[in-house]
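S.K.: Once you've had a glance at the structure underneath, I'll fire off some questions.
The values are calculated or read from the model by the stated rules, or taken from the named source; none is laboratory data. Only a predicted model underlies this, so the values are computations on that prediction, with no experimental measurement involved. When we count neighbours, we look across all protein chains shown, and the Cβ atoms used for this are built from the backbone with ideal geometry, even at glycine. With ligands, DNA and RNA removed, areas are computed over all heavy atoms of the protein, side chains included. Shrake-Rupley method; radii C 1.70, N 1.55, O 1.52, S 1.80 Å.
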Amino acid sequence: MLTPPTPSGPRSSPCDGPLSRPTPPHRMAAHDRRHLLSHLSSRLLSRLAGMSALLWSLALIACDGAGARNAAAADAGSGVSVAAPLNTVETIIADMRELNDLPLAGVSSSAGWARGPGHVVMGNDPRGTRTPAAWRPRDPRLKSDAWWNALLPWLVVFDGVGHTATHTRVQVRQMRTYVLSRRTGQWQRVGADAAIDGELYPKTLTGAPVARADLRQEPDGSTSIGVPGGEGVFHGWSGTRQQIDPADVMAVHVTLQARLIAHRLDDREQARLLIQVGADYYPDRNTSPSAFAPETYNPGVGLSRAKRVSNTWQAFNFTTIDVAVQDPGGAVISVAALRALPPPLQ
């Protein structure tokens, strides 16, 4: 260790006046000393303030973490939990991949949709060139590559084989439509929330309606449907046809939630009711169904399988994905793409 040098004269004190210590070779003026002291004091205060802010932030983080842990513990103890979405990506896939839950009463099983799984028809290509070869309207423009510019979601409520309930209704809420944009890569809502409307149609789902539907608005704003069985089915929709940018359609997703409710008497155990969901394109918002003559139906974007309605809320979905029957289809996204970029789940 080095030994410090020994002072040659009396040792000066830091508090000694200028005459008690040697004069430095370049003496600092008084106003410069004041400026330096002020600068050093400002830097010291700034450092202290920074350290104080850092310590305060660390304390807040610690408190927040403890609070979150305490809240989680309290929720676990009280049974309180954050509600997860009713719908899931796996439900969306299953609604297009699996067969119908039950045979449909009064419907020939020769039609593919009468057995399931879901079908994609025009899919993500809203043009007449994507319609089935067997669909032959008189107007050649409906089979051309001209864009169809409007979209309408729909649902059908079927009675299944063995349905005997006469006091059970189907309650439906939150029917929503989304389009995956090619331009932005994001799902965009089409239209706004609207009440379910519809009529009774033949079970072939062709031609004109045969009777008015038994619709009732429930206290929460949802709609319940009386299902007559027999020769008719409820075919309904939400809102009106919505304008779309057909060249921007990368995928279409329609979803709703439904359950069984009792009316006067509870015979839900005898209910065998199913819902199928889908969507239709139209050349424009004002196209009349008679424009498709001699055809008596819209070929559609596609449709889901028919899934049984239960006493608890379930999600029902139609989506243009590749696990469905392609009829002719082809304009779809893969299941992997759906998992990577799922639509909004509710």
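S.K.: How long are the three semi-axes of the equivalent ellipsoid of segment 116-179, in whole Å, if each is the root of 5 times an eigenvalue of the C-alpha gyration tensor, listed from largest down?
M.R.: So the three semi-axes of segment 116-179 are 33, 16, 11 Å.
S.K.: So if R0 is 22 Å, what FRET efficiency would ARG182 and ARG136 give, r being the distance between their Cβ atoms, rounded to the nearest 0.05? Walk me through the numbers on the way to the answer.
M.R.: Details: r = 30 Å, r/R0 = 1.35.
Plugging the Cβ-Cβ distance into 1/(1 + (r/R0)^6) gives 0.15.
S.K.: Could you check the spin-label model distance between LEU345 and ARG212? Points 7 Å from the Cα along Cα→Cβ, value in nm.
M.R.: 4.2
S.K.: Can you list, largest first and rounded to whole Å, the semi-axes you get for segment 230-333 by taking the square root of 5 times each eigenvalue of its Cα gyration tensor?
M.R.: 29, 18, 14
S.K.: Now a separate question. Keeping every protein chain in place, order SER288, SER238, SER110 by accessible area at 1.4 Å, biggest value first, i.e. largest first. Intermediate results must be reported in sequence, preceding the final value.
M.R.: Numbers: SER288 55, SER238 10, SER110 95 Å².
Greatest to least solvent exposure: SER110, SER288, SER238.
S.K.: Now a separate question. Skipping prolines and chain starts, which residues have an amide H placed within reach, meaning under 5 Å, of the one on VAL227, given they are 5 or more residues away or on another chain?
M.R.: Here VAL170 satisfy the definition.
S.K.: What is the distance in Å between the Cα centroid of segment 127-180 and that of segment 219-258?
M.R.: Each part's Cα centre sits 9 Å from the other's.
S.K.: For segment 135-254, which semi-axes, largest first and in whole Å, follow from the square roots of 5 times the eigenvalues of its Cα gyration tensor? Before the final figure, lay out each step's value.
M.R.: Numbers: eigenvalues 183, 84, 26 Å².
Computed over segment 135-254, the values are 30, 21, 11 Å.
S.K.: Still on this structure, please answer the following. I'd like the distance separating the alpha-carbon centroids of segment 313-346 and segment 264-284, in whole Å.
M.R.: Measuring centre to centre over Cα atoms gives 20 Å.
S.K.: Another one. Averaging sequence separations of C-alpha pairs under 8 Å and six or more residues apart, then dividing by the length of segment 113-218, give the relative contact order as a whole percent.
M.R.: 12
S.K.: Here's a follow-up. Convert each backbone phi in segment 85-90 into a coupling constant with the Karplus relation 6.51 cos²θ - 1.76 cosθ + 1.60 (shift: θ = phi - 60°), then list the ³J(HN,Hα) values in order as whole Hz, x for Gly and Pro.
M.R.: Computed from phi, the couplings for segment 85-90 are x, 5, 8, 9, 4, 5 Hz.
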